[in-house]
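Derivation of every value follows stated rules applied to the coordinates shown; laboratory data play no part. The structure presented is a predicted model; accordingly, all values stated were derived computationally and were not measured. As a convention, Cβ positions derive from the backbone with ideal geometry for all residues, glycine included, and neighbour counts pool all protein chains shown.
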Amino acid sequence: MLPVIVAVLAGTLAGFVHVLSGPDHLAAVAPLASHGDRTSWRAGALWGLGHSSGVLIVGLFALVLRGWLPGSFLIGGLSSWSERMVGVVLIGIGLWGFHRVFRGKADTHSHAHPRAAFGVGILHGLAGSSHFLGVLPALALPGLSASLGYLGGFGIGTVAAMSGFATLISLIATRTRHRGPAATRWLLSACSTMALIVGIAWLSL
């Protein structure tokens, strides 16, 4: 039982660090959480759930195919495709944010935010950078229970970290809103610019 608990705690810490150390993660969620209402944290939580789902898919796939050489090529291909798509999606989020700025809707909530956050999270979870902390350690652990515990903990850390980040962005947006519409537009513009820069850099790597 102790190895499983240790695996869960290690996975939680890894998930927390992984999320907050990834500029692509923060750039994806910041524009979606910048409307500053009480539900902004959901964008982060749903991104985290999506990310965890993507990592879990790859992790379970890798556990089933562990030791089978063609399986590693399949995972590598999926990871490579997802990495490229992350850049494209980040650029899309940035352009979407500027579209809202120019239409004067920078401070309004959209029901598309949660769906977008969940989908982007899945894509990030399938991408290769997640596998180093989310999948490979799970494969190295002895026993299926410890491996699944690590993956579960990684998901918990991911959701907690991104929910906290989205809440922080929401608090900043709420304070910004009191300074007038122009300040709100500047905040969304800054978040959207970050998404565009990271997305372009991602595709250039």
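Values computed for the structure shown
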{"item": "On Cα atoms only, tilt of 40-64 relative to the major axis of the chain in degrees", "result": "20"}
{"item": "Å³ per residue enclosed by the Cα convex hull of the chain", "result": "99"}
{"item": "Under 5 Å, built H, 5+ apart or other chain: amide partners of residue 22", "result": "none"}
{"item": "Pair residue 61, residue 200: separation of 7 Å Cα→Cβ label points (nm)", "result": "3.1"}
{"item": "Using alpha-carbon coordinates, inclination of helix 112-126 to the longest axis of the chain, degrees", "result": "30"}
{"item": "Residue exposure sequence - 8, 55, 120, 88 - by fewest surrounding Cβ within 10 Å", "result": "88, 8, 120, 55"}
{"item": "Check: the chain dipole with +1 on Lys, Arg Cβ and -1 on Asp, Glu Cβ, in debye", "result": "640"}
{"item": "Simple spin-label estimate for residue 183 and residue 95 in nanometres, 7 Å along Cα-Cβ", "result": "3.2"}
